[in-house]
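These notes are about the structure you will find just below.
The values are calculated or read from the model by the stated rules, or taken from the named source; none is laboratory data. Predicted model only: the values in this text are computed from it and were never measured. Glycine gets a Cβ as well: all are built from the backbone with ideal geometry, and neighbour counts include every protein chain shown. Heavy atoms of the whole protein, side chains included, go into the accessibility calculation; ligands, DNA and RNA do not. Shrake-Rupley method; radii C 1.70, N 1.55, O 1.52, S 1.80 Å.
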Amino acid sequence: MITTILWDVDGTLLDFTYSQTYALTKCFASAGLSITDEIISRYDKINDSYWKRLELGEVTKAQLLTGRFTTLFQEFGIEDVNLEAFCREYQMELGNIYRYVDNSIQVIKSLRGRVEQYVITNGVTLTQRNKLKLSGLDVWMKDIFISEEIGCSKPERVFFERCLEKVEEKDRGKILVVGDSLTSDIKGGVNAGLRTCWYRPEGSVNNSQWVPDYEISDLHQIYGILGMDGKSVDNSHPN
């Protein structure tokens, strides 16, 4: 029986693409630059490649945060941008807006009192703390684990080990990692001996070596995995 869920945030509970587009548009406007769908699409691919390199240990978080924009600006011939100020504003704006995935807030609320819930995220502390607070997700979580605060990132085993030190459930067979990334959430969960659930709303195909215990295309399918109905037992606002 699963007693504990470790939730990924971006792409799982909250719509990262929505926040990313908003933040990029705001920052380009602040810098006096025009932005196009082509730039946004290209940035998305560059950003994803940097996060994959971080997972493989090929770049540091600091290199990722600036390198993705350095690459983007070089490709599009964008010059005379204060990179440090641009990156700082981007992280702030990224945390200033949110949109739920599959009405995730209601799913989280309905599970309160039935399973313990935690957040595990590789995001930047400033961004994630603000976004989780604005969305109201933070108050429903037992704890929030952010890679920047822990000192290492998913899928590193040490990240999960440090999180598990603070998780009440000690039986790893009763802890479920839920996330949209096979190379971050699922790989990390498998290597840590945890049960895993791959969230793939767009019908993605698993071409990796990492095989999750479960797959869902809608967050409400989590009830079936837990052997529960979708009715809330205790969704009163936590103290």
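Name every residue in the stretch 114-130 that is among the hydrophobic types (A, V, I, L, M, F, W, C), under 14 Å from the mean Cα position of the chain (by Cα) and farther than 15 Å from residue 96 by Cβ, in order of residue number. Passing the criteria: 119, 120. Note on the stretch 25-140: enclosed helices (runs of 4 or more DSSP H) holding 1 or more residues that are closer than 25 Å to residue 201 by Cα are 37-55, 83-94, 104-111, 125-135. Cβ separations smaller than 7 Å between residues 6+ apart or across chains give the following pairs from the stretch 32-48 residues that are modelled with pLDDT of 95 or more to residues that are among the hydroxyl-bearing types (Ser, Thr, Tyr) and part of a helix (DSSP H, G or I): 35/25; 40/21; 46/71.
In the stretch 176-194, the residues that are free of Cβ contacts under 8 Å to residues at least 24 places away in the same chain and surrounded by fewer than 24 Cβ atoms within 10 Å (Cβ to Cβ) never reach a residue that is among the β-branched types (Val, Ile, Thr) and part of a helix (DSSP H, G or I) with C-beta atoms less than 8 angstrom apart, at least six apart or across chains.
Residues checked against (1) within 22 Å of residue 166 (Cα to Cα); (2) open to solvent by 10 Å² or more (accessible area, probe 1.4 Å); (3) in contact (Cβ under 8 Å) with a residue 40 or more places away in the chain:
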position	(1), (2), (3)
98	no, yes, yes
104	no, no, yes
109	yes, yes, yes
117	yes, no, yes
122	yes, yes, yes
127	no, no, no
132	yes, no, yes
135	no, no, yes
138	yes, yes, no
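The set of residues from the stretch 71-82 being open to solvent by less than 50 Å² (accessible area, probe 1.4 Å) and either under 20 Å from the mean Cα position of the chain (by Cα) or within 26 Å of residue 129 (Cβ to Cβ) (or both) comprises just one member, 72.
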